[in-house]
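Down below is the structure, laid out as structure tokens.
What follows draws every value from the coordinates through simple rules; no lab data is involved. All of these numbers come straight from a predicted model, not from anything done at the bench. Reconstructed Cβ throughout: ideal geometry from the backbone, glycine too, with neighbour counts over all protein chains shown.
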2 protein chains.
Amino acid sequence: MGTELLTIGTELLLGQIVDTNANWMAQRLAEAGVDVLYKSTVGDNWGRIAAAIRLAMSRADVVLMTGGLGPTEDDLTREVLAAVLGRPLRLDPQVLAAIERRFAQRRVAMPENNRKQAMVPDGAEVLPNPRGTAPGLWVRHGECALVCMPGVPSEMRPMLLDQVIPRIRANFGIQSRIVSRVLKTCGISESTLDQRIGDYFRAMRNPTIGVLAHVGEIHVRLTCKGDDLGEIVAMLDELEGKIRARLGHLIFGRDEEKLEAVVGRLLRERKATLAVAESCTGGLVASRLTDIAGSSDYFERGVVAYSVEAKQGLLSVSPALIGQQGVVSLDVARAMAAGVRRMSGASLGLATTGIAGPSGGTPETPVGLVCVALAWDGGDGAREFRLLGDREQVKYRGAQMALEMLRRHLLGIPMDEV
Amino acid sequence: MGTELLTIGTELLLGQIVDTNANWMAQRLAEAGVDVLYKSTVGDNWGRIAAAIRLAMSRADVVLMTGGLGPTEDDLTREVLAAVLGRPLRLDPQVLAAIERRFAQRRVAMPENNRKQAMVPDGAEVLPNPRGTAPGLWVRHGECALVCMPGVPSEMRPMLLDQVIPRIRANFGIQSRIVSRVLKTCGISESTLDQRIGDYFRAMRNPTIGVLAHVGEIHVRLTCKGDDLGEIVAMLDELEGKIRARLGHLIFGRDEEKLEAVVGRLLRERKATLAVAESCTGGLVASRLTDIAGSSDYFERGVVAYSVEAKQGLLSVSPALIGQQGVVSLDVARAMAAGVRRMSGASLGLATTGIAGPSGGTPETPVGLVCVALAWDGGDGAREFRLLGDREQVKYRGAQMALEMLRRHLLGIPMDEV
């Protein structure tokens, strides 16, 4: 069986709204074992919507429409669908009552326009929409299933997951599903990954393995297809175990887990506290750490020491050291880390200094040179990185390397494993 | 005339890649007066690509294809197009030479696969691609123009702008174009905008006016259609002038201009220097300011005083004040702003304190309560905001309000105009 996604709205053809729905739907359908064969978009035009529905019915078993269910003049999906199927529209009193209740809750009179949202093509099932006024529709017509959903993502998403996908799987006898899992690494190269696990990703057929580079991270994606969720999870667990046996703690997290959240969890587990001194990353390390709820438990303070005076005054970096080594140097990074640790009383001090660009580079200290240092009770460590990209990317990659240095220290992994 | 966008690639149907191309192309085409009637996506499947091309030719004058021009087995666009049009593919020696040169520059032998990228359907014009190996194609076939472009955005975008759009406009005699301009505001409500300029956006037909809310900003978009670029710009200038006469300095910037860049420019013009003390925004104000190249000229330092000790030690906020007023209070914000200004020697001190959530709120200091203060030579100002959203949104909106308070101070606009 095959599915066509049909997104409806002139604003999509003008590029005024990015069609995030089609992509999100395609992912969820693929995971649910539903093949998507076509994606199409048409504007709010009766003739073109009708032609697109007829075409989709001729080449797909399921036609999934989004958009055009609103109360205004240019919302045509419901009316065109009824006309194409040759089914009359009837007012559904239950749907009307639900819409009226929504308005009553907000103490607003229901505009007359919204009545049309309660019109249902003969024989269609109503898919309730607790998050908005437009309900969805499910119509079997011959061999085909036609589905209408609202275009608002927060209304469409739960409707697809909870009501539409289960109906498609049941109606078309779909057993299989696809589950993906992402293992995230930071600070190692693609060629290291290839050396370590390349034999797996060339040999594996199910699960398959893909490697994808993001700014400052490389992700390993495992994708498994099967009929039984328990079996799929077991196969993913087995492969993840093998990959972890090769990569060990170089994997910092899984799926949606962010590096700053992982670092935060480790700090909390070890009852450590952290102070950060930033130059080239300009507050980004602190901002990312404090994006995590509860970070006040371990994040003591941050200092953005942009000027030389701030490095001296806030961090006690000696002017002589800056004069000898230059402000972008391993020794200045060490002094910043030690300084912020000492002045804050935190158990760890983390520091960055570098050239974010686009100007300010020299042959000795080029744009993208970033020094990161960590100070702890009785010792310290520092590393130099040459990072690529524009100013914001250098800041991001520098922050990433600082967080990764901290993570590796907390786990006892050497920083030179790259 | 009408255009169909046809994006080709199985990864797009699986949702593994977000189709940013179609949206970007739709915008640029709309601006160039080219109407897009349909957007479609098919996978890497010979029969379905052929059917999609035939369908597009039956309903559109221009068929703009992206993707499927690579060197691998599943890249089929070139071959399918030639078959649908009944034109033989011929090896183009100039294209082959260009591909070979690219490999030679990288000191890599050209794989045999890449030869197929030099195959050109009979009668097609080659669109050179200096950024990659796959050239584009332009074929007139009867009334229709068929265009193939690579799917890689950095290769497709200049090809569309420099080679494809001018050809479409010339071939189909398109005179008109659409130009948009965005005026950005911060810290005022949609209802204020409606009171001030609602008569314009209800009355205007060309240019039209649209109002769009983003996190922490409201944008006013002017869109003008016409045949002559000079006339369009004059019409936009006139309307922008009228809107500015009503909104004045409440408009902080235009088009791509960011609030942190505007604030940076004002600080530089006034030879002012800035130090920032952040609690709830956690370094985000500093990070945004230092995203701007050259910010070291005016940004002196930032302090993320997350702990009470940091507020006392780095900013000299008195424990008694915190005890009396609570850490989230206008007086503590004022003390933080004054403290960071005094300790840094900067001419301005900016501070934030608040509850970013999701926990930590109380009836008196609920999640989303943020106090912002600014200290200057001989005075200070402070304001309290109740901001909506999750932790990251509260941080962002709080940073936005801090930057806007600074901008208004530098321009002498009262902060209570909301």
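Numbers at a glance
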| read-out | value |
| --- | --- |
| Shielding score for B:14-24, defined as the mean number of other chain Cβ atoms within 10 Å | 6 |
| Antiparallel content of DSSP bridges confined to the range A:1-139, in %, to 5 | 35 percent |
| Rule-of-thumb Rg ratio for the range A:50-107 [Cα; 2.2 N^0.38 Å; N residues] | 1.41 |
| Test item: Cα-centred dipole of the range B:350-418, Lys/Arg +1 and Asp/Glu -1 on Cβ, debye | 180 debye |
| Ordering of B:54-65, A:81-92, B:386-397 by packing [mean C-beta count within 10 Å, highest first] | B:54-65, B:386-397, A:81-92 |
| Pairs beyond 24 Å (Cα-Cα), from A:Lys225/B:Lys116; A:Lys311/B:Lys271; A:Lys395/B:Lys258; A:Lys242/A:Lys271; A:Lys116/B:Lys39; A:Lys39/B:Lys116 | A:Lys225/B:Lys116; A:Lys242/A:Lys271; A:Lys116/B:Lys39; A:Lys39/B:Lys116 |
| Whole-number Å³ per residue for the convex hull built on Cα positions in the range B:1-155 | 112 Å³ |
| Rough spin-label spacing in nm, given labels placed 7 Å along Cα→Cβ, for B:Glu143 and A:Phe103 | 4.5 nm |
| Choice from B:Glu384, B:Glu190, B:Glu100 showing the highest fluctuation, given a GNM over chain B with Cα pairs closer than 10 Å | B:Glu100 |
| DSSP-defined beta bridges in chain B - what % are antiparallel, rounded to 5 | 65 percent |
| Test item: Cα-centred dipole of the protein assembly as shown, Lys/Arg +1 and Asp/Glu -1 on Cβ, debye | 400 debye |
| Within chain B: Cβ-based charge dipole about Cα centre, in debye rounded to nearest 20 (Lys, Arg +1; Asp, Glu -1) | 420 debye |
| log10 of Debye I(q)/I(0), alpha-carbon scatterers only, for the range A:130-178 at 0.21 Å⁻¹ | -0.78 |
| Amide H partners (placed H, <5 Å) of B:Arg90, local residues excluded | B:Val120, B:Asp122 |
| For chain B, built as a Gaussian network whose Cα springs stay under 10 Å, the top-fluctuating residue of B:Glu112, B:Glu256, B:Glu11 | B:Glu112 |
| Note, ³J(HN,Hα) from phi for the range A:302-309, Karplus 6.51, -1.76, 1.60, rounded to Hz, x at Gly and Pro | x, 10, 9, 9, 6, 8, 4, 4 |
| Share, in percent, of DSSP beta bridges within the range A:221-371 that are antiparallel, nearest 5 | 15 percent |
| log10 of Debye I(q)/I(0), alpha-carbon scatterers only, for the protein assembly as shown at 0.07, 0.09, 0.10 Å⁻¹ | -0.66, -1.11, -1.34 |
| Largest-first principal axis extents, alpha carbons of the range B:6-69, Å | 32, 27, 18 |
| Å³ per residue enclosed by the Cα convex hull of the range B:375-418 | 75 Å³ |
| Degrees separating the helix B:330-344 axis from the principal Cα axis of chain B, which is the longest one | 80 degrees |
| Theoretical ellipticity at 222 nm over chain B - DSSP helices of four or more residues, -39500 (n - 2.57) apiece, nearest 500 | -12000 deg cm²/dmol |
| Calculated log₁₀ intensity ratio I(q)/I(0) where the Debye formula runs over C-alpha points of the range B:157-315, q = 0.13 Å⁻¹ | -0.82 |
| Label-to-label distance, nm, for residues given as B:Ala234 and B:Asp92 (7 Å Cα→Cβ offset) | 4.2 nm |
| Rg over Rh, two decimals, chain B (C-alpha only, Kirkwood Rh) | 1.11 |
| Relative packing of peptides A:226-238, A:332-344, B:174-186 - highest average C-beta neighbours within 10 Å first | A:332-344, B:174-186, A:226-238 |
| Calculated FRET value between A:Val215 and B:Arg54, using beta carbons and R₀ = 41 Å, to 0.05 | 0.50 |
| Residue-span extension gain [B:Asp377 to B:Asp199] - 0.36 nm each, minus C-alpha spacing | 59.9 nm |
| Derived scalar couplings ³J(HN,Hα) [the range B:388-399; Karplus, 6.51 cos²θ - 1.76 cosθ + 1.60; whole Hz; x for Gly, Pro] | 9, x, 7, 3, 5, 5, 5, 4, 5, 5, x, 4 |
| Point-to-point label distance, B:Thr208-A:Asn206, nm (Cα→Cβ direction, 7 Å offset) | 5.0 nm |
| Relative contact order (%) - chain A, alpha-carbon pairs under 8 angstrom, separation at least six | 11 percent |
| Dipole axis of the protein assembly as shown (+1 Lys, Arg; -1 Asp, Glu on Cβ), positive-most option in A:Thr133, A:Val233, A:Pro88 | A:Val233 |
